[in-house]
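Student: Dumping the structure here so I can ask a few things about it.
The values are calculated or read from the model by the stated rules, or taken from the named source; none is laboratory data. The structure displayed is predicted, hence computed values, not measured ones. Cβ atoms come from the backbone with ideal geometry, glycine included; neighbour counts cover every protein chain shown.
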């Protein structure tokens, strides 16, 4: 509606001015435009800063609760957590800025979970691998005592509802992760046995995952996610478990 | 403004120019987030907040904004309220925030909002502008809910999380996948146009 | 008061004994032996499935014809064909209520939406199947073995699921019959997930053991041959499909025999034969030009093999045919024959090789066409203000 009017008005302007009868309002002065834009920006800036300040605590609390809930699910004994990073060189240090900042390459993030007595209950870490539709991201709990995975939870996935998403609900599948063997080799350089999903009903070793019939690809993705993440993290982590023990006391 | 005119402003968005069923605007959130009633409702309410607030502010500033920079001003105002909604939803529930995903931020490009700001709010005083925006948002909420409830009932056997058919329900997987959104939208458009046509036919026979 | 009917219509004035109805009726006749074989394989469940799906199709057809949404009549048999074909592509133990959904969707989305018989872009039966494949992926992948003792007296338990409810898993029922649950996988699924290739003679007859397969490919080819001989179906399309599928499979097999199964297995497993003979040849959704038919068939064959090898699905015929359906107007356009007289212009540089259909066809009425959209170059220069 407005476009033809505008274009015709623009064409007419010079003629009208020459004729001495200004029928349309002249263009606004630049100063007015700058003033308005400045005013709008200032108002909007104020609103945004106000909203950010007002919701900051609630958002941070929500994020903490969400992380805690995810960790507590994979390590049932846990009562409190703290966040760490494993550096490529082998060091471990607490992560201070627990925001959304991206990690440097080679750095692996994990959570140390402590039980009610302040004892290290387990380690929780994330892993991801390509599933049927998209990357399946999972969080798994590792227990230093049995050197095994003691629980998994799904962080994000887009697997087919009703088939691939059985990895959350299928009891027989989840039973794989009651004590999934992730023992390290003697020299602590890598896992002694590769964690792997095998065809439904053919699990023979404690480091194998019995896949869900009909959802083999998703099951394999879970196995690969655990394996890749454990391979990257555990060799650095296991020699330094005392640091994590102490971290809670301080 | 007299009362009937205001009522008319309000009803315009709900029936005559319903953004989903008549104007078919804002299809991106309509199709993408309506996998459940809760998602649809919260998306609708987020849009309602942005639409009403930005229309109010645009209407307040309508006399001081030079026409050359009006679109920039509108977009900045809309983006501001979208950011506010973004923070609010994060503060209310992270699970909801994850479920709605990028579509919260994408409210800023929802053409219903810019369209209302340009076509109505910039030419009317704040009260009628906000009432019109409210009506338009309710129309949008109704549209989203119409899709969301059908998709949730068939796709999960629940309505707002309450199980309707018991444990043995067979979910229609397609309804929570993107094609389901198109099917349900198509079906609703069919129902609405049939209804509108019947109404028009009745009106014409009565007049004759 | 019977007056001789005078029919006034435009060309072509062809007088032939073949009407749409005749063709459709013969297709139904030729499908009956296949359905009978299917019932013989799977018993009462298959019979119920065929009856329910066909009834759902007829019901939807009647509704849409009555409400004036689509053209055609119930007596043109096309909805019967849709129903029978749809039932044949579903697993025999497919829950009856899901079968009914498939039938309704097939007619509503596949046919009525486009305006009825002759206007549909996609094969209605495959539209119905694609819908239930996406809606109920578990149920549609649950096959049961054929020739189970007692199949004529009891239903496969999943068939009788209550509407909207999850069907029972037939695994326990099979165990009670002392049959391995894995026997229920189709040969294609066995190959895809377990790497087992079934024997050629088993596939050809569908008779041996308890294989979970559809009706015998031999029988389907026989019925198809009848249709082709009576000229109710064009023989080029099935031949092109099977030829291109065999060629693609053979090339891959020659490339790496360990990884890819032999072309014979590709041809006679799954629904390729049924799809090639009965679904791809649907007149409304396939090209009319002979050259186009070869292109169309070749596309389906190639896509089928590619989907079977490289996608997550074990079977690819359905999507291959649907994609080719969508491409057939384009195929028709590029394979349009050269009109007599136009061919001579080829040597003259920029002359067009093919006839083209303008948006406002001049052959309807030259005056009318120019009245609707005047061609700009014939207009005088724009009047200056």
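Student: Determine whether the stretch B:71-90 contains at least one residue that is within 14 Å of chain A (Cβ to nearest Cβ), out of contact with any strand residue (DSSP E or B) (no Cβ under 7 Å at 6 or more places or on another chain) and outside any helix (DSSP H, G or I).
Tutor: First, the residues of the stretch B:71-90 that are within 14 Å of chain A (Cβ to nearest Cβ): B:71-90.
Those still in the list that are out of contact with any strand residue (DSSP E or B) (no Cβ under 7 Å at 6 or more places or on another chain) too: B:71-90.
From what's left, outside any helix (DSSP H, G or I): none.
Checked the stretch B:71-90: no residue is within 14 Å of chain A (Cβ to nearest Cβ), out of contact with any strand residue (DSSP E or B) (no Cβ under 7 Å at 6 or more places or on another chain) and outside any helix (DSSP H, G or I).
Student: Okay, moving on. Do the conditions hold for residue C:154, that is, is it surrounded by 24 or more Cβ atoms within 10 Å (Cβ to Cβ) and either more than 23 Å from the chain's Cα centre (by Cα) or free of Cβ contacts under 8 Å to residues at least 60 places away in the same chain (or both)?
Tutor: So residue C:154 does not fit the description; no.
Student: Within the stretch C:23-53, how many residues are touching a residue at least 12 places away in the same chain (Cβ under 8 Å) and farther than 22 Å from residue C:153 by Cα?
Tutor: Going through the stretch C:23-53 one residue at a time, the tally reaches 8.
Student: Quick check on the stretch B:27-69: of everything there that is within 12 Å of chain A (Cβ to nearest Cβ), in a helix (DSSP H, G or I) and modelled with pLDDT under 90, which residue is surrounded by the most Cβ atoms within 10 Å (Cβ to Cβ)?
Tutor: Among them, the one singled out is B:69.
Student: Scan B:146, B:167 and give me the residue that is in a helix (DSSP H, G or I) and either closer than 22 Å to residue B:24 by Cβ or within 14 Å of chain C (Cβ to nearest Cβ) (or both).
Tutor: B:146
Student: Return the residues of the stretch A:26-38 that are within 8 Å of another protein chain (Cβ to nearest Cβ) and either closer than 16 Å to residue B:61 by Cα or under 34 Å from the mean Cα position of the chain (by Cα) (or both); say none if nothing qualifies.
Tutor: A:28, A:32, A:33, A:36, A:37, listed by residue number.
Student: Please verify whether the stretch B:91-102 includes one or more residues that are part of a helix (DSSP H, G or I), more than 13 Å from chain A (Cβ to nearest Cβ) and modelled with pLDDT under 90.
Tutor: The first filter runs over the stretch B:91-102 and keeps only residues part of a helix (DSSP H, G or I), leaving B:91-92, B:94-102.
So of that shortlist, the ones also more than 13 Å from chain A (Cβ to nearest Cβ) come out as B:100, B:102.
Of the ones still in play, those that are also modelled with pLDDT under 90 are B:100, B:102.
Yes, the conditions are met somewhere in the stretch B:91-102.
Student: So which helices (runs of 4 or more DSSP H) stay within the stretch C:12-92 end to end and still have 2 or more residues that are touching a helix residue (DSSP H, G or I) at 6+ places or on another chain (Cβ under 9 Å) and closer than 20 Å to residue C:105 by Cα?
Tutor: Values: elements: C:20-42, C:44-66, C:78-89.
Answer list for the stretch C:12-92: C:44-66, C:78-89.
Student: On to the next question. Inspect all residues belonging to the stretch C:113-132 and state whether any of them is closer than 26 Å to residue C:173 by Cα and within 12 Å of chain B (Cβ to nearest Cβ).
Tutor: Yes; the residues of the stretch C:113-132 include at least one that is closer than 26 Å to residue C:173 by Cα and within 12 Å of chain B (Cβ to nearest Cβ).
Student: OK, next. Here's a check for you: in the stretch A:204-220, which residue that is at pLDDT 80 or above and part of a loop (DSSP other than H, G, I, E, B) is surrounded by the fewest Cβ atoms within 10 Å (Cβ to Cβ)?
Tutor: Step by step, filter the stretch A:204-220, then rank; the result is A:204.
Student: Just checking, how many residues over the stretch B:12-26 are closer than 17 Å to residue B:130 by Cα and free of Cβ contacts under 8 Å to residues at least 24 places away in the same chain?
Tutor: Number satisfying all stated conditions: 0.
Student: Going by the conditions given, is residue B:156 farther than 18 Å from residue B:77 by Cα, within 14 Å of chain C (Cβ to nearest Cβ) and free of Cβ contacts under 8 Å to residues at least 12 places away in the same chain? If you could, list the steps in order and put the result at the bottom.
Tutor: Working: farther than 18 Å from residue B:77 by Cα: yes; within 14 Å of chain C (Cβ to nearest Cβ): yes; free of Cβ contacts under 8 Å to residues at least 12 places away in the same chain: no.
No, not satisfied.
Student: Closer than 24 Å to residue B:194 by Cα and crowded, with 19+ Cβ neighbours inside 10 Å, is that true of residue C:60?
Tutor: Working: closer than 24 Å to residue B:194 by Cα: yes; crowded, with 19+ Cβ neighbours inside 10 Å: yes.
Answer is yes for this residue.
Student: Looking only at the stretch A:157-203, count how many residues are within 14 Å of chain B (Cβ to nearest Cβ), on the phi < 0 side of the Ramachandran plot, in a loop (DSSP other than H, G, I, E, B) and out of contact with any strand residue (DSSP E or B) (no Cβ under 7 Å at 6 or more places or on another chain).
Tutor: Step one: of the stretch A:157-203, the residues within 14 Å of chain B (Cβ to nearest Cβ) are A:157-166, A:169.
When the remaining residues are screened for being on the phi < 0 side of the Ramachandran plot, the result is A:157-161, A:163-166, A:169.
Subsequent filtering for residues that are in a loop (DSSP other than H, G, I, E, B) retains A:157-161, A:163-165.
With out of contact with any strand residue (DSSP E or B) (no Cβ under 7 Å at 6 or more places or on another chain) added as a condition, the list becomes A:158, A:160-161, A:163-165.
Qualifying residue count, the stretch A:157-203: 6.
Student: If you check residue C:180 against the conditions, is it at pLDDT below 75 and within 26 Å of residue C:94 (Cβ to Cβ)?
Tutor: yes
Student: Select, from C:109, C:88, the only residue that is away from every other protein chain (no Cβ under 14 Å), under 20 Å from residue C:286 (Cβ atoms) and under 17 Å from the mean Cα position of the chain (by Cα).
Tutor: C:88
Student: Next up: Answer yes if at least one residue in the stretch B:105-118 is under 22 Å from residue B:180 (Cβ atoms), in contact (Cβ under 8 Å) with a residue 12 or more places away in the chain, more than 13 Å from chain A (Cβ to nearest Cβ) and surrounded by fewer than 17 Cβ atoms within 10 Å (Cβ to Cβ), and no otherwise.
Tutor: Among the residues of the stretch B:105-118, at least one is under 22 Å from residue B:180 (Cβ atoms), in contact (Cβ under 8 Å) with a residue 12 or more places away in the chain, more than 13 Å from chain A (Cβ to nearest Cβ) and surrounded by fewer than 17 Cβ atoms within 10 Å (Cβ to Cβ), which makes the answer yes.
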